[in-house]
Amino acid sequence: MILLHNQNKIKTLNTFLLYFNYFLFFLLVLGIIRILWITTKSSQIKLIDIDFETMVTEQQASLFGSVNSTNYYSIGCKKGNAVSDNNKIWFSGAVEARKAGYEPSRYCDFSTLIDF
């Protein structure tokens, strides 16, 4: 009877260790997936080369973009109001904005804009 009781404990312990190993393996696989996902995301980050010597001031600019997105906005555009002043990059025209890698926001009206 005691021998049978000990065998049951050993079986229970072996089962526990088996499932614990499965759990550790699962965590390892999740960690690998997370690392792969992060490296994939970081390789998709687009670096923008800005020439600070030719950068326009707010008074000269007719368009602005955000450092956190690839859209540019006109000064009166309501969607552009969401961009923080600290994150704004100013452009003198659409040509300059496109050269910097920005695209026009679909929410703004650029029909009255004179491009340089």
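All of the numbers you see were taken from the coordinates with simple rules; none came from a lab. In this text, all values refer to a predicted model and were calculated from it rather than measured experimentally. Positions of Cβ are backbone-derived with ideal geometry, glycine not excepted, and every protein chain shown enters the neighbour counts.
Approximating the spin labels as points 7 Å out from Cα along Cα→Cβ, the Tyr22-to-Ile10 distance works out to 2.3 nm. Per-residue packing, averaged as other Cβ atoms within 10 Å, sorts the ranges 73-79, 16-22 into the order 73-79, 16-22, beginning with the highest. Amide H contacts for Ser66 (H built 1.01 Å from N in the peptide plane; partners 5 or more residues away or on another chain; cut-off under 5 Å): Asn71, Ile89.
Across segment 6-21, rounded Karplus estimates of 3J(HN,Hα) from the backbone phi angles (6.51 cos²θ - 1.76 cosθ + 1.60, θ = phi - 60°) give 5, 5, 5, 5, 5, 4, 5, 5, 4, 5, 4, 5, 4, 5, 5, 5 Hz, Gly and Pro being marked x.
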